[in-house]
Structures are given as C-alpha cells and as structure tokens.
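All remarks here apply to the structure that follows.
The values are calculated or read from the model by the stated rules, or taken from the named source; none is laboratory data. For clarity, every value in this text was computed on a predicted model and none was experimentally measured. Here the Cβ positions follow ideal geometry from the backbone for every residue, glycine too, while neighbour counts run over all protein chains shown.
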Amino acid sequence: STLKDKNALHAAMVMIDNKTMEIMAMIGSVDFFDYGKGQVDATLVKKQVASTMKPFAYALALDNGIFHTSSILPDVYTQFYSKVGNYIPKNFSQSYHGPIRLAKALGCSYNIPAVYVINTVGMVPFYNFIRSIGFDSINRSPSFYGLGIVLGNAEVTLLELANAYTIFPREGIFEHANCIRKIVDRGGKEYVVTSDKGIRVLQPSTCYLINHILSEYKYKVEAFGLHSAIHFPFPFAAKTGTSKDFKDNFVAGYNKNITCAVWVGNLYNETLDNLPAVSGAGIVLKNILLHLWNSGFPFAKFTFPTKEVHEVRICMLSGLPATPFCPQTEYELYAHTVPKGVCTWHSSGKTTVPAEYVRWAAEKHYSVLKDAAVRIIFPKNGATFKIDKTVRKSLQAIPLQAAGTKKEIQWFVDGHFIGKGSEIVWQLQQGNHIICARSDKVAEYVNIVVLE
C-alpha cells in the first residue's frame, strides 16, 4: 500500500551540509500547487517529534560519565515521581525487556530506559542542553514538559530537529544552519553572509559512540527486524520517531557529509492509519539516500577516534566484562566511563539477576540475586495511586512485591498483617499508608498515598 492509503497525505524534508552548515534542500510540501495544504511549509510547523529526541539524552549522559554504553538500564514497570505528578511510561510494544544495555536501549528506542536516563541526568540539565542546540521552540519551563520531553512531547520544527542532529557528525560542534551565502544589492555590490561561530556542546568521543549506536544495525534488529527501512547498505546513522496515536512520523539521520530529517503526516491534524515512522518517514528517507548513493554521492565511514575510544568484550546480559561462564558475549565501545569488575550474573551454567528484575527473571527461568535484607520492589516510596470511581473497588488493587531474602516475607499495612509471600495483592484504600515487608527481624517500609 502507498503512504496515502495510510492517510499520510503530506511530507517535508530538510537536508544540511555538515561542513558548511548550508541548507542543501528544504522541501515544505509534496506539491506546492496542492489546493489543500500545498503552500504550508511543513518544515516550519511545530510538531511533537517523538523518539527522535532520545539520542540527545543518551549523549548528555555519556558525555558526563553518568553511564557508559553497556550500563544496565531497567526496562520494567516503573513509576517516576516529580513535584508535578507521577509518570508511568510505556513502550511502543506495550511489553518489557528487563535489564537492557544502554546501547541496545537507544538502538531499539525503548521508552522506559530513556525516561530513566533523563530522570538520572536531571530535567534541568537536559532542558538547558537541548536549548543550547537550537530548539528555540522549547520555551516553556522544564516542569511544563516533564520527563516526557525525552519522548518528544515538546513541539519543535523539522528544521530545528535537522539542525540539532548535525552536532553528532560535526563531532560535538553546534552551529545554526544557513540558507543565504551572499546578498547582492541593485548596484551589484556583494555582501557575504558569515555564519555564527560554532560552539562545542559534546566531546568528539561521545558523538562517535552515538554515531556507532545509531548506524550499527545490531543494536536495532530486536525492535525493527532484519529488513527495515533504516537498515542501509552504506554508513548512515538514523533515529525514527512515531508520535502518540500515530499523528506524525519523523526520522533524522546523517553521515559525515549530510544531515537529513523527514516528516510524514497529515496537515489536517488527522491520525495516520497505524503507520509507524520506520514504515513511513523511514521509507522516504531511504529512497532519498538510495538516489544519492546510486548517483555517486559519498557515504564515508565515521572517523574512529583511536585515542579516546576502545573496545571491551562484555557479557550481553549484564553489560560487564565477560567471563568464561557468559553464554553470549560481544565487543562494546567505551570512551569516558568503562564497566568495572567482571560479570557476576553467570556462574557454572546458572544465571542470577538483580532483585528488581524478579518478574522478568521468572519468565526467563533465571534466579534472582538474594541479599541479606528484604527489599520492597513495588510500590516505590512516595508513590500515589488513584481510585477510579467508574470501576468496582474490588477490582482496584496493586501488587506488593519484595525480594532479597530466601526467608518468608510478611506484609503489613498500617501495622495490620495482610499476607505473606514475595508478591501479594492489596486492594486500594483511600488515605496515607505505611507498607511494611518483614523477613525474620529485618523490615523495610514505604509510604504511599491513595486518592479517591
């Protein structure tokens, strides 16, 4: 089927020369003479660019040494807390993937790890960073956007998106794109337009790591399959983004020479017919690049900074340096921060994972690391829940989960015993509550609020 069959009636594209920062192409509509929306320049229309915002969060975390490329991020049910309310992100696939390495989390575009990264980095540092790379449309306070900003809830233009992505092939230098080389007055006198001086926003080695992740298809195959539109026969880094309810498709990508961003959607503000970006904007981008490739346009490999970046053989599950017990290993690239120690998740044919992955581990038939003390996995301290008056109260309950001990776990709510086991179900009751998990003489407490 064609894109029009999916109600994708409009598209736009921006292409920038990474060396000169000149705008090589800026196509605002498919047909300028289309009576409906042909004369709307969609490159300047503000849209939610979805997951195309994620690489900036990962880059900031890597650049500051907060994480490294094989840091384990949690892709499990997680409730994030803030002054403006709680946030429970979900993945596009509505599934969880347990402990996931940073590089794979970015390549597969999983939502929960991305929110975990920005929550760790901090909203204000991330907000200041994206403002520094040309996202002028993001002009409300950080709290207005919340953690969802990393999933692209802020509205920006396609031109801003393309311009921001140039920091990666330009090894961390941001400069505003320009579309005017010179001005000639009616007397024939020429005035050369000088571009602004670029500023460094990332270290070159950080950019190389992002380039590597977004161009190596091994990081994407689990989510996108073997034959997706963003699997190229030449070096090219790309990241897709599908906005909520399939409103808009975005893809941004680059090689050493060019940066290109594509939007596919509907200017009548109608949703697309279940069209993900990889099958919409991704196909448009691939057709553009294949045309350039077949025309002899150079697609050079990204420059490998040998002094700053090095390889380590790691366990593919734990992300730690591999041992002979690790069943699956591969080489990973590192720059500022490297994993310490060796893998402790595998030993003599047995796999043991941290307690926070207890549910995921059960599905995989893995063991869970046992500590001396009991730990409450869910709910988190400070969590807020709300009773839905449209649903019977008997159906409104939450799981109480704990781990960290082989001994029996007893549960108490406000001092009253309610059950025992590593996981039980508790029916929500309005008010402030103290939940206690006790094992032997050791106990842990969390405070929660239930609203009605």
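Taking the stretch 391-441 and the strands (runs of 3 or more DSSP E) fully enclosed by it, the elements with 3 or more residues that are over 25 Å from PRO354 (Cα atoms) and either touching a residue at least 60 places away in the same chain (Cβ under 8 Å) or of a type outside the set (Ser, Thr, Tyr) (or both) are at 416-420, 431-439.
Scanning the stretch 300-317 for residues that are closer than 30 Å to VAL14 by Cβ and either touching a Leu at 6+ places or on another chain (Cβ under 8 Å) or assigned by TED's automatic domain parsing to the domain that holds ILE258 (or both) turns up just one, VAL309. Inside the stretch 425-452, residues that are surrounded by fewer than 17 Cβ atoms within 10 Å (Cβ to Cβ), under 15 Å from ILE377 (Cα atoms) and among the aliphatic types (A, V, I, L, M) make up a count of 3. Take ALA252 and tell me if it is under 15 Å from the mean Cα position of the chain (by Cα) and either at pLDDT below 95 or among the aliphatic types (A, V, I, L, M) (or both). Yes: the conditions hold for ALA252.
Checking each residue in the stretch 373-390 for being part of a strand (DSSP E or B) and of a type outside the set (Phe, Trp, Tyr) picks out ARG375, ILE376, ILE377, THR384, LYS386. One residue stands out among those in the stretch 146-157 that are buried (at least 19 other Cβ atoms within 10 Å of the Cβ) and not small (Gly, Ala, Ser): the one that is nearest to ALA261 (Cα to Cα), which is THR157.
With respect to ILE130, determine if the residue is surrounded by fewer than 15 Cβ atoms within 10 Å (Cβ to Cβ) and under 23 Å from ALA59 (Cβ atoms). So ILE130 fails the test. When we screen GLY280, GLY265, GLY296, GLY319 for residues that are touching a residue at least 60 places away in the same chain (Cβ under 8 Å) and over 30 Å from GLN48 (Cβ atoms), the only hit is GLY319.
Within the stretch 381-410, the only residue that satisfies the criterion of being in contact with a Lys or Arg (Cβ under 8 Å, 6 or more places away or on another chain) and on the phi > 0 side of the Ramachandran plot is GLY404.
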